[in-house]
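K.L.:
Please read through the structure below; I'll follow up with questions.
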Ligand SMILES: *Cc1c(COP(=O)(O)O)cnc(C)c1O
């Protein structure tokens, strides 16, 4: 095999045209003399809210802050229980714990790897005060079912859309289903900045206003602190200007990711590698995750073929060392099986067809 096939290659995304547009945008910000919460952030917030089909977007420092602030904005009682799936590398769980709340882990559906509504029913029966739903790997979860059950009991739902920018079902985009929704613009996400960035989007004006205050010290107006637990987490003008140049390309990038997923699904035929079923616009293929009971050996084989892979994610939240064994008795079989078998193949818009074919070929040549 020739050159190694990278897992991500962000330099390829920034071709001559996009690089020139970004350089121009950056220059204008540099010369404007205004670098934090200015016109670029306001314009990006309007454009991103419109893209998601909601009224409000609030730029913040990163996706983890978006989750933490969204939970704070719900103003839950201390020790509140928040339902969360345990297979998204602790992002939401860390935000729950940081707010002094308790994670109520809910197993995932083995096929979709997203929160299992039936398992959520059990958690609701035990009592939950809020729900965080992660649209993992770029796939919308069973969000309509979950929101319907939550709404009937007055339980707020936060969507974690950090892997699902632009995923659409029934004419609604990721972020338009829940009470609040959180996005990350980390460079490898489907919409990525050139550094950290994030956003919270909201349909409701009151919640949006709370998030807006919480991202900046809890200010109602300058130096007038109206809300407790405020902090400083702002999207800066440079990243907002860059994101505005990229947003118009997001749908085309997502289409290309889906096309790569289709090529993998049609090309990989190996008894010991399970490929995910093809889905529609509700899956923007942030990650292409296959499963194998001999995952580590498959990974070694692919590495020997020059194919870079990754594991999303190797440790379920309830097995993380940081909990000191608190959840040792808890069994979440689907999430645990996934952690032991999932392997992510290269999947990014600039991956070439010949590279996809080489990955397919390397998979099919594996002798476990
Ligand atoms: C990346 C990611 C986050 C965290 O975003 P950061 O900007 O890296 O803090 C949260 N949730 C999910 C599902 C993610 O993939």
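Here, each number is a calculation from the coordinates, and none is a lab measurement. No experiment lies behind these values; they were computed from the predicted model shown. Please note: Cβ atoms are built from the backbone with ideal geometry, for glycine as well, and neighbour counts cover all protein chains shown.
A quick yes/no check of all residues on (1) surrounded by fewer than 16 Cβ atoms within 10 Å (Cβ to Cβ); (2) within 19 Å of residue 135 (Cβ to Cβ):
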position: 174; (1), (2): no, yes
position: 190; (1), (2): no, yes
position: 204; (1), (2): yes, no
position: 207; (1), (2): no, no
position: 231; (1), (2): no, no
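K.L.:
Suppose the filter is within 16 Å of the ligand (Cβ to nearest atom), outside any loop (DSSP other than H, G, I, E, B) and touching a helix residue (DSSP H, G or I) at 6+ places or on another chain (Cβ under 6 Å); does residue 48 pass it?
P.N.:
When the stated conditions are applied, residue 48 does not pass them.
K.L.:
Oh, and also: Considering each of 36, 29 in turn, give the residue that is crowded, with 18+ Cβ neighbours inside 10 Å, touching a residue at least 24 places away in the same chain (Cβ under 8 Å), over 30 Å from residue 156 (Cα atoms) and in contact with a helix residue (DSSP H, G or I) (Cβ under 8 Å, 6 or more places away or on another chain).
P.N.:
The unique qualifying residue is 29.
K.L.:
Do you know which residues across segment 193-235 are away from the ligand (no atom under 12 Å from the Cβ), part of a loop (DSSP other than H, G, I, E, B) and in contact (Cβ under 8 Å) with a residue 24 or more places away in the chain?
P.N.:
Within segment 193-235, 194, 203, 204, 215, 229, 231, 234 qualify.
K.L.:
Restricting the search to segment 283-310, which residues are more than 16 Å from the ligand (Cβ to nearest atom) and part of a loop (DSSP other than H, G, I, E, B)?
P.N.:
Listed by number, the residues that qualify are 292, 293, 294, 305, 306, 308, 309.
K.L.:
Show the residue pairs that are 6+ apart or on different chains and have beta-carbon atoms under 6 Å apart, the first residue being within segment 176-192 and closer than 14 Å to residue 51 by Cα, the second being away from the ligand (no atom under 14 Å from the Cβ) and in a loop (DSSP other than H, G, I, E, B).
P.N.:
Cβ pairs passing all conditions: 176/53; 176/54.
K.L.:
Could you list, in sequence order, the residues of segment 52-80 that are within 11 Å of the ligand (Cβ to nearest atom) and within 23 Å of residue 38 (Cβ to Cβ)?
P.N.:
60, 61, 62, 63, 65, 66
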